[in-house]
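The next block holds one structure in the form of C-alpha cells; read it before the comments.
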Amino acid sequence: DVHGILIVNGTAAPEWRYILDVRAPSANEADYPEWSQAYKIPPIIGPDNENVTCGRAAFLAAPRTETADIVAGSEVGFRVSADGYGVRDGVFSPPIDTMKYPNFWHPGPALVYLSRAPNDDLQNYKGDGDWFKIAYAGPLDDTHWSIWPSVSEFNFTIPKTTPPGKYLMRFENIFPTNTNLGYQQFYVNCAFVNIMGPGGGTPTEFIKFPGGYQPEDPGLLVPPDQDYMGGPVKVQDLKLMQYKPPGPTVWTG
C-alpha cells in the first residue's frame, strides 16, 4: 500500500500535495489507467534498501511537493491512497466518491519518524540525517494489529515541544516475518512539514535510514507466534502483545 494523503486536525489534503509521490519499481506507468496507482504499491524489500528512507524514487517528487504547516501538539495522520487493489475500488474500475478509502494491506506495526532538514531546506534534503521516532501503532491484542485489518489511516500527535523547523515526516508500515531473513517488507512515505510552536524539547535516540535497522532485529525477524500470515502458529494462538518494534523508543517531548 501507499499512503499519499496527509491529515491535519481531521482535514485531509489532496493526494500527494504534501507527501512525496513514489514511482514504479520497473513497470511502465503508461500501461496503467490515469486513475490507477497500482504500479506504486510494491514494497521496499529489506532494511538496507536505498528506498527505505522515503519510498521508491520519492525525492524526484520534491519540486512539486508542498510543505504543510503544522502546529506542534496537533493531530496528524497518514491515510492509505492505494492498497493491494491499486485504487479505492479495485484495479478494474476508476475510483468513485462513494467508496471508502483502501486499507493497510499487511498485518504489522506503523511507526512515524521526524528528521530536521539542514538549514530548513527540504527541497535538497534526502533524509540522510538523523531521525527520531514520534509515534507507534503496535498490536491491539494478541491476535490483532492496531492498523490491520480494515483500517485506512493512522493518526497521532506531534509532540508539543518539538523544536520548530522544517522536517521530513516518515511513515512506515512494516510486514515482519519469521522465515525470510532480509525479505521484510516496508511500505514507506514521507511528508514535507513545517512544525511551528515554542519548542523547548530535545529529541533523543536517533536512527538513520537506511542503516538503522538490521534484518535480524526484533520486530523485523519475529518468532513464530508473532508471524501473522506466514508462520506455523494458528491465529488464535498468536502472542502479538509480546512484539517489540524496531528502532528507538518514541520521543514524546
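The values are calculated or read from the model by the stated rules, or taken from the named source; none is laboratory data. These figures come from a predicted structure and were not determined experimentally. All Cβ positions, even for glycine, are placed from backbone atoms using ideal geometry, and neighbour counts span all protein chains on display. Accessible surface is based on the protein model in full, side chains and every heavy atom, while ligands, DNA and RNA are left aside. Shrake-Rupley method; radii C 1.70, N 1.55, O 1.52, S 1.80 Å.
Things worth noting here:
- Residue that is least open to solvent (accessible area, probe 1.4 Å), among those in the stretch 57-82 that are in a loop (DSSP other than H, G, I, E, B) and hydrophobic (A, V, I, L, M, F, W, C): VAL80
- Index of the failed condition, GLY211 passing every other in (1) surrounded by 16 or more Cβ atoms within 10 Å (Cβ to Cβ); (2) under 19 Å from the mean Cα position of the chain (by Cα): (1)
Here is a yes/no grid of residues against (1) open to solvent by 40 Å² or more (accessible area, probe 1.4 Å); (2) at pLDDT 95 or above; (3) acidic (Asp, Glu):
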{"site": "ASP142", "(1), (2), (3)": "yes, yes, yes"}
{"site": "PHE154", "(1), (2), (3)": "no, yes, no"}
{"site": "THR161", "(1), (2), (3)": "yes, yes, no"}
{"site": "GLU216", "(1), (2), (3)": "yes, no, yes"}
{"site": "THR249", "(1), (2), (3)": "yes, yes, no"}
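- Extreme residue, surrounded by the fewest Cβ atoms within 10 Å (Cβ to Cβ), among residues of the stretch 163-199 that are assigned to a strand (DSSP E or B) and among the polar types (S, T, N, Q): ASN194
- Every residue from the stretch 1-13 that is assigned to a loop (DSSP other than H, G, I, E, B) and within 16 Å of VAL193 (Cβ to Cβ): HIS3, GLY4, ASN9, ALA13
- Residues of the stretch 19-56 that turn out to be assigned to a loop (DSSP other than H, G, I, E, B), open to solvent by less than 50 Å² (accessible area, probe 1.4 Å) and among the hydroxyl-bearing types (Ser, Thr, Tyr), as a count: 2
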